[in-house]
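The values are calculated or read from the model by the stated rules, or taken from the named source; none is laboratory data. Quantities reported herein were computed from a predicted structural model and do not represent experimental measurements. Here the Cβ positions follow ideal geometry from the backbone for every residue, glycine too, while neighbour counts run over all protein chains shown. Side chains included, ligands, DNA and RNA excluded: accessible areas come from the protein's heavy atoms. Shrake-Rupley method; radii C 1.70, N 1.55, O 1.52, S 1.80 Å.
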Amino acid sequence: MIGLSSYAGVMESPMNSAQEQQPFSPLTNSWSTQQESNENQKPTSVGGFVLVHAGAGYHSESKAKEYKHVCKRACQRAVDRLKAGALAVEAVAAALIELEDSPFTNAGMGSNLNLSGEIECDASIMDGKSLHYGAVGSISGIKNPVVVANRLLSEAQKGKLSAGRIPPCFLVGRGAHDWAVSQGIPPCPSEKMATKFSLSAYKRNKRKMELAEKIDTGHKQTKKRRQSSENENGSGCLDTVGAVVVDLEGNVAAAVSSGGLAMKHPGRVGQAAHYGCGCWAENACNMNPYSTAVSTSGCGEHLIRTMLARECSAAMQSEDAHQALLEAMQNKFISSPFLASEDRVLGGVIVLRCCRCVEAQPSQNIQGILVEFLWSHTTESMCVGYMSAQDSKAKTHISRLPPGTIPGQSLAIEGGVCRLMSVVE
């Protein structure tokens, strides 16, 4: 297992397209540097910032272009909504729809098939302004599960139902599907959601399982075959998708969507639907100086048992966000007592935190939102994309563990900073 700082990576932080690229550094230093670089620039209003991920797992070099492309499209979709005046929760839902629609991600279209050869999806969304949350689990026959989760969130914000009933925030299975249809969300036959890639993977995994079951369980070869199957179907199939967004008003939102583990049991619900496990968003308040948003990916059972999204959000209230996330991933995840029996702890997170500041200048007051964004993972790789409304296009990156390190026992962490500005009338 690595030390706390052994593989703490760095990358550029070019989030404001008009600024010089600068390395990530602790909060106070990085923001003061950004301020100095803007002294001779005329600030303009911007619509916010988005960070997305196409999963923590394994991203082959042969498909790197496709993963990066879908992340760019998701960022652009969110930024387009932000520029149109949408709040963070609307923008994060837009990003997720784009990610779900890609046949290369394990969410919505092209999701992993379960043991019965069916697609069952999980998704959730959280609004940091209202603190409302909506989720669906093990839902079939809906093209974009995040749309249903978002509808649950928005309906809950309207208040109680007839006869004083509490509106649901989390629905599963057939009940989730029927509720979605009743809300005007069109159904989509499961066979249309499967792709050639997902069907091929299902047939291949099924053959491996059948072969493993025929072998004498007492033979040593059985253990080797099962371990091989776990390696091929484990970290390579954990590509849950997600996004975090901050809008110009400083509101944050987070969302996550997943088709779940390959060959999972029918009815299994992963972290993508569970409260505090798949995503978390919380605006700053008297108790918390920073607004935070988190989206996770990885082995759902590991993320559920550690409630990693909420743990990382809480850690982001520390002064040094980079060190705080590093310690949270190490102490609350890899070395968590709740996962002490696990040989490999597989997961990843994207994290955004921000706070507002107002600077007085001779001719005008400048209102700024200072954003710090990070990602960390214990899987072999994690694909991310990010963009501010000031940027002409999104930037993407596939983060990988250093050669020779062991997935599930090592971690990588990277990130950057961004400064959003607008004129205060």
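Working only within the range 279-298, note down all residues that are over 17 Å from residue 49 (Cα atoms) and either more than 16 Å from the chain's Cα centre (by Cα) or open to solvent by 40 Å² or more (accessible area, probe 1.4 Å) (or both).
285, 286, 287, 288, 289
Using the structure shown, decide if residue 262 is at negative phi and in contact with a strand residue (DSSP E or B) (Cβ under 9 Å, 6 or more places away or on another chain).
It is false that residue 262 is at negative phi and in contact with a strand residue (DSSP E or B) (Cβ under 9 Å, 6 or more places away or on another chain).
Inspect all residues belonging to the range 202-217 and state whether any of them is open to solvent by less than 40 Å² (accessible area, probe 1.4 Å), more than 23 Å from residue 110 (Cβ to Cβ) and of a type outside the set (Val, Ile, Thr).
yes
So which residues in the range 333-350 are within 19 Å of residue 410 (Cβ to Cβ) and outside any loop (DSSP other than H, G, I, E, B)?
The answer is 333, 334, 339, 347, 348, 349, 350.
Among the residues of the range 165-191 satisfying the criterion of being more than 25 Å from the chain's Cα centre (by Cα) and at pLDDT below 95, which is farthest from residue 139 (Cα to Cα)?
Step by step, filter the range 165-191, then rank; the result is 191.
Kindly list, by first and then second residue, each pair from a residue in the range 172-184 that is within 16 Å of residue 147 (Cβ to Cβ) to a residue that is open to solvent by 70 Å² or more (accessible area, probe 1.4 Å) and not charged (D, E, K, R), limited to pairs with Cβ atoms under 8 Å and residues at least 6 apart or on different chains.
Sorted first by the residue in the range 172-184, then by its partner, the pairs are 177/187; 180/187; 181/187.
State whether one or more residues within the range 194-206 are modelled with pLDDT of 95 or more and more than 28 Å from residue 303 (Cβ to Cβ).
The answer is no; no qualifying residue exists.
Going by the conditions given, is residue 80 open to solvent by 10 Å² or more (accessible area, probe 1.4 Å), within 28 Å of residue 271 (Cβ to Cβ) and at pLDDT 55 or above? Break it down into steps so the answer makes sense when it comes.
Details: open to solvent by 10 Å² or more (accessible area, probe 1.4 Å): yes; within 28 Å of residue 271 (Cβ to Cβ): no; at pLDDT 55 or above: yes.
No; evaluated as a whole, the condition is false for this residue.
Kindly evaluate residue 85 against the criterion of being over 21 Å from the mean Cα position of the chain (by Cα) and part of a helix (DSSP H, G or I).
The answer is no for residue 85.
Could you please let me know if residue 293 is in contact with a helix residue (DSSP H, G or I) (Cβ under 8 Å, 6 or more places away or on another chain) and of a type in the set (A, V, I, L, M)?
yes
State which residue is nearest to residue 250 (Cα to Cα) when the search covers only the range 377-391 and only residues that are assigned to a strand (DSSP E or B) and hydrophobic (A, V, I, L, M, F, W, C).
387
Conditions (1) under 19 Å from residue 240 (Cβ atoms); (2) open to solvent by 70 Å² or more (accessible area, probe 1.4 Å), marked per residue:
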residue	(1), (2)
300	yes, no
305	yes, yes
320	no, no
337	no, yes
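Can you find even one residue in the range 111-133 that is among the hydroxyl-bearing types (Ser, Thr, Tyr), out of contact with any strand residue (DSSP E or B) (no Cβ under 8 Å at 6 or more places or on another chain) and modelled with pLDDT under 95?
Yes, the conditions are met somewhere in the range 111-133.
Within the range 392-413, can you find the residues that are surrounded by fewer than 21 Cβ atoms within 10 Å (Cβ to Cβ), assigned to a loop (DSSP other than H, G, I, E, B) and of a type outside the set (A, V, I, L, M, F, W, C)?
The answer is 392, 393, 402, 403, 404, 405, 409.
Could you grab me the full set of residues in the range 322-335 that are surrounded by fewer than 16 Cβ atoms within 10 Å (Cβ to Cβ) and among the charged types (D, E, K, R)?
327
Is it true that residue 354 is of a type in the set (A, V, I, L, M, F, W, C), open to solvent by less than 10 Å² (accessible area, probe 1.4 Å), in contact (Cβ under 8 Å) with a residue 24 or more places away in the chain and at negative phi?
yes
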